[in-house]
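The values are calculated or read from the model by the stated rules, or taken from the named source; none is laboratory data. In this text, all values refer to a predicted model and were calculated from it rather than measured experimentally. FYI the Cβ positions are ideal-geometry reconstructions off the backbone, even for glycines, and counts take in every protein chain you see.
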Amino acid sequence: MVVSAVGSSRVTLLPGDGIGPEVVAVGREILREVAGRFSLELEMEEGCIGLTALALHGDPYPAETREKVSRSRAVLLGAVGGEQAGQTEYARRPEAGLLALRRSMKLFANLRPVRIPDALVPFSSLKPAVVRGTDLVVVRELLGGLYYGEPRGRVRNEQGEEVAWNTMVYSASQIERVARNAFDLARTRRKAVVSVDKANVLEVSLLWREVVNRVHEDYPDVSLAHQYVDNCAMQLVRDPRQFDVILTENTFGDILSDEAAMLTGSIGMLPSASLGAEGTLYEPVHGSAPDIAGRDLANPLGTILSVALMFRYAFSCPEAARCIETAVHQVLRDGYATRDLSGEGRRVVGTREMGDRILGRISVSEGG
């Protein structure tokens, strides 16, 4: 797997918009506590992105933030986006800042692990027999496809009707590098890759499948299967335990990983790691949720588990990652949950209290 060695111990925090500042505040405390326990000296600084950056600098990814990111070994991102009445120009949308961040860090591989130990089984909306034991990773290509393809645009045609278009574009080299990442990851797990495409209708997917097949020749110890994206979406809710590593392109990966998040019971549970040539970035999968922002209702566990991934990939400290993951599972097993996971017999707590309870478990854990 490709993990950047850029930087030393500097972490840039980008709280962003909506609930981002609340969950990143919790993540900062987890970072500080766990780094201390494992004798890791981290430098942390904060930058702005998205709507917040637009308001302050007129740019969703300003030069000041770009400079901080370039000096960092890892970035912890909260969320980007929210209400922006009347804004249709792409370059001035908060999401443009997120895509610019990924491009500046050359983050081509996004890893979204979905693991459901017994402590999480009661939270899933699916039957326990279906989800128990699920342990998969979605490896999503992050710099190609519809989100970056050119040409793109929006005009009014000769008849006065509005027309918009985007272009799905991939090169063989883009596909090969993310495929190798997926196969390398599979070698550390159960040695099985499912590559997801739409090769029955898309030329891009035909190329995707051909390149993945070629790369697979270098990994004879790893099994490879292909699924169309619609079938994969169905299989994820029918039998998620069949999957080990799911490899797919940008748009399909965005959708499938959000679907996979609901296997855990809430999109607020899912962490992610984005790996590339200019650093690594960690963020929860959820959005900015402006309707609950500032109300101490957000689930911080996706961010906390993203911090665990940071220790695993950016700082090569799997013991610290396991410490965080164990604390999360213990608190869930104790019956504590944020509002999105509420249910019979669960003690609903706010964002800050959930973070405090994780910290409490970390402080009494062994190791470090």
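Taking the criterion of being in a helix (DSSP H, G or I), over 22 Å from ALA79 (Cβ atoms) and either more than 19 Å from the chain's Cα centre (by Cα) or not charged (D, E, K, R) (or both), would at least one residue in region 333-346 satisfy it? Yes: one or more hits.
Residue check: ALA109 meets all listed conditions (1) at pLDDT below 95; (2) more than 22 Å from CYS48 (Cα to Cα) but one, namely (1). Of the residues ALA91, ALA129, the single one that is without any contact (Cβ under 8 Å) to a residue 40 or more places away in the chain, part of a helix (DSSP H, G or I) and in the same structural domain as ASP59 (by TED's automatic domain parsing) is ALA91. Among the residues making up region 335-353, those that are buried (at least 17 other Cβ atoms within 10 Å of the Cβ) and among the hydroxyl-bearing types (Ser, Thr, Tyr) are TYR336, THR338, THR351. When restricted to residues that are touching a residue at least 40 places away in the same chain (Cβ under 8 Å) and either more than 25 Å from SER9 (Cβ to Cβ) or not assigned by TED's automatic domain parsing to the domain that holds ARG103 (or both), region 31-52 contains 2. On inspection, SER223 qualifies as more than 16 Å from GLU141 (Cβ to Cβ) and touching a helix residue (DSSP H, G or I) at 6+ places or on another chain (Cβ under 9 Å).
Of the candidates LEU309, LEU332, the single residue that is modelled with pLDDT of 95 or more and crowded, with 22+ Cβ neighbours inside 10 Å is LEU309. Residue selection: LEU51 satisfies the criterion of being more than 26 Å from PHE311 (Cβ to Cβ) and either touching a strand residue (DSSP E or B) at 6+ places or on another chain (Cβ under 8 Å) or buried (at least 19 other Cβ atoms within 10 Å of the Cβ) (or both).
Checking each residue in region 153-187 for being in a loop (DSSP other than H, G, I, E, B) and in contact (Cβ under 8 Å) with a residue 60 or more places away in the chain picks out MET168, TYR170. When residues in region 312-329 are screened for being crowded, with 23+ Cβ neighbours inside 10 Å, within 18 Å of the chain's Cα centre (by Cα) and in a helix (DSSP H, G or I), 2 of them pass. Residues in region 134-163 that are over 18 Å from the mean Cα position of the chain (by Cα) and of a type in the set (Lys, Arg): ARG152, ARG154, ARG156. In region 335-349, the residues that are more than 14 Å from THR264 (Cβ to Cβ) form Cβ pairs under 9 Å with partners that are charged (D, E, K, R) and in a loop (DSSP other than H, G, I, E, B), at six or more places apart or across chains, as follows: GLY335/ARG346; TYR336/ARG346; ARG347/ASP334. Residues that are small (Gly, Ala, Ser) and buried (at least 19 other Cβ atoms within 10 Å of the Cβ) within region 31-47 comprise ALA35, GLY47, listed in sequence order. Against the test of being of a type in the set (A, V, I, L, M), more than 30 Å from LEU207 (Cβ to Cβ) and not in a loop (DSSP other than H, G, I, E, B), the options ILE255, ILE292, ILE246, ILE304 yield a single qualifying residue, ILE304. The residues on offer are GLU249, GLU259, and the sole one that is among the charged types (D, E, K, R) and at pLDDT below 95 is GLU259.
GLY97 falls short on exactly one of the conditions (1) of a type outside the set (A, V, I, L, M, F, W, C); (2) over 12 Å from the mean Cα position of the chain (by Cα); (3) assigned by TED's automatic domain parsing to the domain that holds VAL229, and that condition is (3).
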